[in-house]
Amino acid sequence: MANNFLHETFTNTGTGLSQDPKVVIDRFLDTIWAERGLSENTLGAYRADLLALNQRLTSRKVDLVHATPADILEYISWRVDGGVKPQSAGRQLSSFRRFFRHLLRERVIAEDPTSQIAMPKTGRTLPQSLTEKEVEALLVTPIISNPLGHRDRAMLELLYATGVRVSELINLKLSQVNLNQGVLRIIGKGDRERLIPLGDEAQNWLKEFIEGPRMKILLKRQTEYLFPTRRSDRMTRQSFWYIIKRYAKKAGISKKLSPHTVRHAFATHLLNNGADLRVVQLLLGHSDVSTTQIYTHVAQERMKELHSKHHPRG
């Protein structure tokens with residue numbers, strides 16, 4: 001059935017172009033969503049990458065499905081020349097590879113045009129993090145006498161205590177919090193489930209928020225989301241990003257800050273204080289420990305800095 005659809009989709013017109021490349025992209029996204037359960041954000045990134053490639057190819061009168069290695073390389077070079085970082089170009093190439101491998105598997109194309117294209121070389125960038133003192137300054141900034149300020153403090157405390165992704169934080173539901181056992185049940189990427197322990201501080205802030213300020217925000221309305229907005233809806237990623245930026249500025253933190261920065265701080269501070277890498281991997285929800293290993297570099301940089309600063313022969 002899938003093959004019939006794809007072959008119909010690729011029926012050539014008089015110009016030699018496929019009838020509708022956007023339909024092909026949608027079909028690809030439906031397939032990988034069904035196979036791998038990818039998040040809405042990941043699927044959105046794939047869509048944006050492929051539509052951008054298609055737009056460039058169309059301007060050059062090239063059909064997306066019949067793109068050659070030279071066409072793909074031209075696009076990547078054009079993007080890099082336009083100022084795109086190698087990391088971004090590499091991520092786009094990964095999207096293209098998955099797309100063309102899908103078409104190859106469905107026998108729509110005979111060869112994958114990305115198979116011989118090497119990833120752009122990038123230096124290993126260390127994630128931006130915060131010192132423990134900076135985290136403390138950030139946490140105490142919200143005005144907790146205000147119900148929304150109390151909500152923000154509880155969110156920041158939870159983010160630093162657990163290292164959850166921002167999408168996991170804003171989508172957190174009351175049913176996922178177990179204060180009796182002191183754990184969160186997180187549904188992460190690919191619908192993978194993990195349990196994360198809560199420290200006493202985070203538990204106290206959550207308990208206080210649920211029993212008081214949360215009800216004041218809702219005003220007798222109902223929602224399953226743990227951290228509601230004034231409209232009793234869940235918060236957006238952009239809204240929480242803005243909240244973090246506002247509190248960072250108020251706390252006098254000049255570093256570029258995002259919710260992910262606090263996640264980095266969670267992992268880095270655990271390793272700085274002797275946590276096992278595998279444990280950090282499980283807490284972060286990384287499927288591969290190699291993804292977590294970059295934090296060991298962050299911890300090593302911190303140790304070098306402390307040695308240089310405090311050792312008499314540093």
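General observations
- Taken over the stretch 201-238, the residue count meeting the criterion of being in a helix (DSSP H, G or I), closer than 16 Å to S167 by Cβ and in contact (Cβ under 8 Å) with a residue 12 or more places away in the chain is 1.
- P197 meets the conditions (1) surrounded by 15 or more Cβ atoms within 10 Å (Cβ to Cβ); (2) in contact with a Leu (Cβ under 9 Å, 6 or more places away or on another chain); (3) modelled with pLDDT under 90 in every case but one. The failed one is (1).
- Residues in the stretch 64-78 that are surrounded by fewer than 19 Cβ atoms within 10 Å (Cβ to Cβ) and not small (G, A, S): H66, T68, P69, D71, L73, E74, W78.
- When G163, G149 are screened for being assigned by TED's automatic domain parsing to the domain that holds F209, within 30 Å of G199 (Cα to Cα) and modelled with pLDDT under 90, only G163 passes.
- Taking helices (runs of 4 or more DSSP H) as the structural unit, those lying wholly within the stretch 45-142 and holding at least 2 residues that are in contact (Cβ under 8 Å) with a residue 60 or more places away in the chain, in the same structural domain as D30 (by TED's automatic domain parsing) and more than 27 Å from L271 (Cβ to Cβ) correspond to 86-105.
- Within the stretch 180-220, the set of residues being of a type in the set (K, R) and farther than 23 Å from I143 by Cβ comprises R185, K189, R192, R194, K220.
- Residue in the stretch 219-231 that is modelled with pLDDT of 90 or more, loosely packed, with under 14 Cβ neighbours inside 10 Å and among the hydrophobic types (A, V, I, L, M, F, W, C) present: yes
- The residues of the stretch 182-200 that are charged (D, E, K, R), in contact (Cβ under 8 Å) with a residue 24 or more places away in the chain, assigned to a helix (DSSP H, G or I) and more than 19 Å from P259 (Cβ to Cβ) amount to a single one, D191.
- Those residues of the stretch 242-260 which are over 18 Å from G163 (Cα atoms), modelled with pLDDT under 90 and either buried (at least 20 other Cβ atoms within 10 Å of the Cβ) or in contact with a helix residue (DSSP H, G or I) (Cβ under 8 Å, 6 or more places away or on another chain) (or both), in sequence order: K255
- Hits in the stretch 215-246 (condition: charged (D, E, K, R) and closer than 15 Å to L156 by Cα): R237, K245, R246
The values are calculated or read from the model by the stated rules, or taken from the named source; none is laboratory data. Note that this is a predicted model, so its numbers are computed, not measured. Please note: Cβ atoms are built from the backbone with ideal geometry, for glycine as well, and neighbour counts cover all protein chains shown.
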